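Undergrad: The structure follows.
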Amino acid sequence: MKRIRLIVIEDNRLLRDGICAMLKKEADFTVVAAFDDSDFDPEKLKELKPNVVLLDLSLTEKDSLDLVNLLRNDHKDVKVIVMDLLPMREDILQFVEAGVSGFIMKDDTISEFLKTIRAVNAGEKILPPTATGSLFSQIMEYGVKELGPQKLIQSVRMTNREKEIVQLIAEGLANKEIAFKLNLSIYTVKSHVHNILDKMALNTRVQIAIHANAAE
């Protein structure tokens, strides 16, 4: 069984030790390191190779949001889960935009805590219960209003191939035409379109085209 490699970044030593003790009891978890924000160096991730970082939202010496941006920019494969008592809606928006994959409330049950870690490691997005539903769509609407379509498109993390497909969708090409033009299978194109819709929190190809054309 492949274990999930975890790093815990938490200022409160008692809480940090308690979290680590709880995680170490799970057969599929390995806690590779635990830090407070004063002794955490992002360069250590290269050596420790975590799958998931558990990060306190309210660090004392470092800005948690800046740290998320740094982690996601330099270590794109590492998933970040933010821990807090009850994050404000604005915090949720900012952290999701920065690339956070999940939120753990510090009053969650142990079962919910562990379930969130496993789900995020498997690629799911886990939001606070009060923020579920249309939050990702709200984020995109917020981005259009605050950033403008051009910066919004740029802020969504896409592969070069996905960006290429967004442009072709904006030009009005159907999936079959895109497949022919890029020498891909229709199934590969559909998979890319699905990923684009997911990343942009949209529902249809038409919405992709609207956003892309508005950004030009």
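The values are calculated or read from the model by the stated rules, or taken from the named source; none is laboratory data. What you see is a predicted model; the values in this text were computed from it and never measured. Cβ sites come from the backbone with ideal geometry, for glycine too, and all protein chains shown count toward neighbours.
Undergrad: Where the second residue is in a loop (DSSP other than H, G, I, E, B) and among the polar types (S, T, N, Q) and the first is on the phi > 0 side of the Ramachandran plot and lies in the range 25-39, which pairs have Cβ atoms under 8 Å and are six or more apart or on separate chains?
TA: Correct list of pairs: empty, since none qualify.
Undergrad: When you scan the range 106-118, do you find a residue that is over 28 Å from Leu45 (Cβ atoms), at pLDDT below 80, touching a helix residue (DSSP H, G or I) at 6+ places or on another chain (Cβ under 9 Å) and not aromatic (Phe, Trp, Tyr), even just one?
TA: No, because not a single residue in the range 106-118 is over 28 Å from Leu45 (Cβ atoms), at pLDDT below 80, touching a helix residue (DSSP H, G or I) at 6+ places or on another chain (Cβ under 9 Å) and not aromatic (Phe, Trp, Tyr).
Undergrad: Restricting the search to the range 3-22, which residues are in contact (Cβ under 8 Å) with a residue 12 or more places away in the chain and over 15 Å from Asp56 (Cβ atoms)?
TA: Arg3, Ile4, Arg5, Met22
Undergrad: Can you tell which of Phe29, Phe35, Phe40 is surrounded by fewer than 18 Cβ atoms within 10 Å (Cβ to Cβ) and among the hydrophobic types (A, V, I, L, M, F, W, C)?
TA: Phe35
Undergrad: Shifting gears a bit: Hey, can you tell me all the residues within the range 36-77 that are among the β-branched types (Val, Ile, Thr) and over 10 Å from Ile7 (Cβ atoms)?
TA: Within the range 36-77, Thr60, Val68 meet the criteria.
Undergrad: Since Leu86 meets every condition but one in (1) modelled with pLDDT under 85; (2) not in a loop (DSSP other than H, G, I, E, B), which condition does it not meet?
TA: (2)
Undergrad: Working only within the range 74-83, note down all residues that are modelled with pLDDT under 85 and surrounded by fewer than 12 Cβ atoms within 10 Å (Cβ to Cβ).
TA: Lys76 - this is the single residue of the range 74-83 that is modelled with pLDDT under 85 and surrounded by fewer than 12 Cβ atoms within 10 Å (Cβ to Cβ).
Undergrad: Within the range 169-216, which helices (runs of 4 or more DSSP H) (wholly inside it) include 3 or more residues that are assigned by TED's automatic domain parsing to the domain that holds Thr159, surrounded by fewer than 17 Cβ atoms within 10 Å (Cβ to Cβ) and at pLDDT below 80?
TA: Counting at least 3 such residues, we get 186-200, 205-214.
Undergrad: Kindly provide the set of residues from the range 48-61 that are in contact with a strand residue (DSSP E or B) (Cβ under 9 Å, 6 or more places away or on another chain) and either surrounded by fewer than 18 Cβ atoms within 10 Å (Cβ to Cβ) or not assigned by TED's automatic domain parsing to the domain that holds His75 (or both), ordered by number.
TA: Selection gives Leu48, Lys49, Ser58.
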